[in-house]
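Enquirer: Supplied in structure tokens, the structure appears directly below.
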Amino acid sequence: MCRMIAFKADKNIDTNWILDILKGISEKGISSPHSDGWGYAVCGEGRETYNSSGAIFDSDKRLPQSRVGIIHSRKASKGYVVNLEHVHPFYATVRGRNYAFCHNGTIYDFASDEGTTDTQRYLELLVSNLEIYETKRALEITAAFVAEHYRYTSINALLTDYENVWAIRQNAESNDTEHALFLYERDGVRIVSSEPVEKYGDLPGNSIEIKNGESIVL
């Protein structure tokens, strides 16, 4: 099980407070610690990506001024070891459009080849659908296919083209609180997170839980 967060703002802002929220969630949140690597894909003046095999809460890496992005901290499934090649986000280019993708949960017996992960296969299927459908529909179709044909805990995912962010929540158990997603809005910034951000960022207001089976666009 992993932790992840996405954001979109009206303009470039300092988003390190968002990074710090994910650090807190990863170190002290549900099923913590999440320390098997972390990474981000953001866009401000330009695109920037980063992947590390270290723990997010031990890192002094800071984000550039950004208006959109996704950040992921990994907790490897039982039997996996820390491996930089398996650290999210993963990246793809479809019809000249650049994407970054991350996932929270386990899809069983799903990896396409030895040495790859369920998330990498998830992205492969998503890419094939992005060749045909608009982005939100491609994500929904991919999640529906996985849900119909494979056993899983969660197919929760974040996807960005560095202009927008798409999020989907799909849990095998409808009352699954470990694989939830929440939407929070503050001062022109919209955030989707694995746990309510106000618990870790001393923020006003309350997050809204995204319903199981729901997809949204930031």
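Enquirer: Find how many whole Å separate the alpha carbon centroid of the stretch 161-218 from the alpha carbon centroid of the stretch 1-64.
Expert: So the two Cα centres are separated by 15 Å.
Enquirer: Probe radius 1.4 Å, ligands and nucleic acids ignored: give me the carbon and sulfur share of the accessible area of the stretch 43-146 as a rounded percent. Numbers along the way, then the final one.
Expert: Numbers: 2290 of 5080 Å².
Here it works out to 45 percent.
Enquirer: How large is the accessible surface per residue of the stretch 164-218, computed with a 1.4 Å probe and reported in Å² as a whole number?
Expert: Working: 2680 Å² over 55 residues.
Counting only protein heavy atoms, the per-residue value for the stretch 164-218 is 49 Å².
Enquirer: Select from P64, V82, G37 the residue farthest towards the positive end of the dipole of the stretch 2-130; place +1 on Cβ of Lys and Arg, -1 on Cβ of Asp and Glu, and compute about the Cα centre.
Expert: P64
Enquirer: If you keep only loop residues by DSSP, which chymotrypsin sites (Phe, Trp or Tyr not before Pro) in the stretch 42-106 have at most 16 other Cβ atoms within 10 Å of their Cβ?
Expert: Details: sites: Y50, F57, Y80, F90, Y91, Y99, F101; in loops: Y80.
Those satisfying the criteria are Y80.
Enquirer: Given +1 on the Cβ of Lys and Arg, -1 on the Cβ of Asp and Glu, and no further charges, what dipole in debye does the stretch 62-189 carry about its Cα centre, rounded to the nearest 20?
Expert: Working: 13 positive and 17 negative charges, 75 e Å.
Roughly 360 debye, rounded to the nearest 20.
Enquirer: Could you tell me which GluC sites (Glu not before Pro) in the stretch 12-112 are loop residues by DSSP with no more than 10 other beta carbons within 10 angstrom of their beta carbon? Each step should come with its number before you reach the end.
Expert: On the way: sites: E27, E45, E48, E85; in loops: E45.
Those satisfying the criteria are E45.
Enquirer: At 222 nm, what helix-only mean residue ellipticity would the chain give, in deg cm²/dmol to the nearest 500, using -39500 (n - 2.57) for each DSSP H run of four or more?
Expert: Computed mean residue ellipticity for the chain: -6500 deg cm²/dmol.
Enquirer: Classify the stretch 122-210 as rounded, prolate or oblate from the Cα gyration tensor: take a ≥ b ≥ c as the square roots of its eigenvalues, call it rounded if a/c is under 1.5, otherwise prolate when a/b beats b/c and oblate if not. Display every interim value, and only then the final one.
Expert: Details: a/c = 3.23, a/b = 1.47, b/c = 2.20.
Taking the square roots of the gyration eigenvalues as a ≥ b ≥ c, the stretch 122-210 is oblate.
Enquirer: With the other protein chains left in place, how much accessible area per residue, in square angstrom, belongs to the stretch 1-66 at a 1.4 angstrom probe?
Expert: On the way: 2710 Å² over 66 residues.
Accessible area per residue: 41 Å².
Enquirer: Compare L22, L84, L181 in a GNM of the chain, Cα atoms joined below 10 Å, and give the one with the largest fluctuation.
Expert: L84
Enquirer: Which of the GluC sites (Glu not before Pro) found in the stretch 125-218 are loop residues per DSSP with 14 or fewer other Cβ atoms within 10 Å of their Cβ?
Expert: Working: sites: E131, E134, E140, E148, E163, E173, E178, E185, E198, E209, E214; in loops: E131, E134, E163, E173, E178, E214.
Counting only loop positions with at most 14 other Cβ atoms within 10 Å, the GluC sites (Glu not before Pro) in the stretch 125-218 are E131, E134, E163, E173, E214.
Enquirer: To the nearest 20 Debye, how big is the dipole of the chain about its Cα centre, given +1 on the beta carbon of each Lys and Arg and -1 on that of each Asp and Glu?
Expert: Numbers: 23 positive and 31 negative charges, 44 e Å.
I would put it at about 220 debye.
Enquirer: Further, regarding this structure: State, to one decimal in nm, how far the label point of E134 lies from the label point of L84, with both points 7 Å from Cα in the Cβ direction.
Expert: Placing both labels 7 Å along Cα→Cβ, they lie 3.9 nm apart.
Enquirer: Another question about this same structure. Using a Gaussian network model of the chain whose springs link C-alpha atoms within less than 10 Å, name the residue from E114, E124, E195 with the highest mean-square fluctuation.
Expert: E114
Enquirer: Moving on. Give me the dipole magnitude in Debye, nearest 20, for the stretch 134-218 about the Cα centre, with unit charges on the beta carbon: positive for Lys and Arg, negative for Asp and Glu. Before the final figure, lay out each step's value.
Expert: Working: 8 positive and 15 negative charges, 29 e Å.
With Lys and Arg at +1 and Asp and Glu at -1, about 140 debye.
Enquirer: On a straight-distance basis, which lysines could pair with K61 in a cross-link, Cα separation under 16 angstrom, same-chain partners fewer than 8 positions away excluded?
Expert: Result set, ordered by chain and number: K23.
Enquirer: Which of H179, Y50, H149 sits farthest toward the positive end of the charge dipole of the chain, with +1 on the Cβ of Lys and Arg and -1 on the Cβ of Asp and Glu?
Expert: Result: Y50, furthest along the dipole toward the positive end.
The values are calculated or read from the model by the stated rules, or taken from the named source; none is laboratory data. Predicted model only: the values in this text are computed from it and were never measured. Cβ coordinates were reconstructed from backbone atoms using ideal geometry, including for glycine residues, and neighbour counts include every protein chain displayed. Accessible surface is based on the protein model in full, side chains and every heavy atom, while ligands, DNA and RNA are left aside. Shrake-Rupley method; radii C 1.70, N 1.55, O 1.52, S 1.80 Å.
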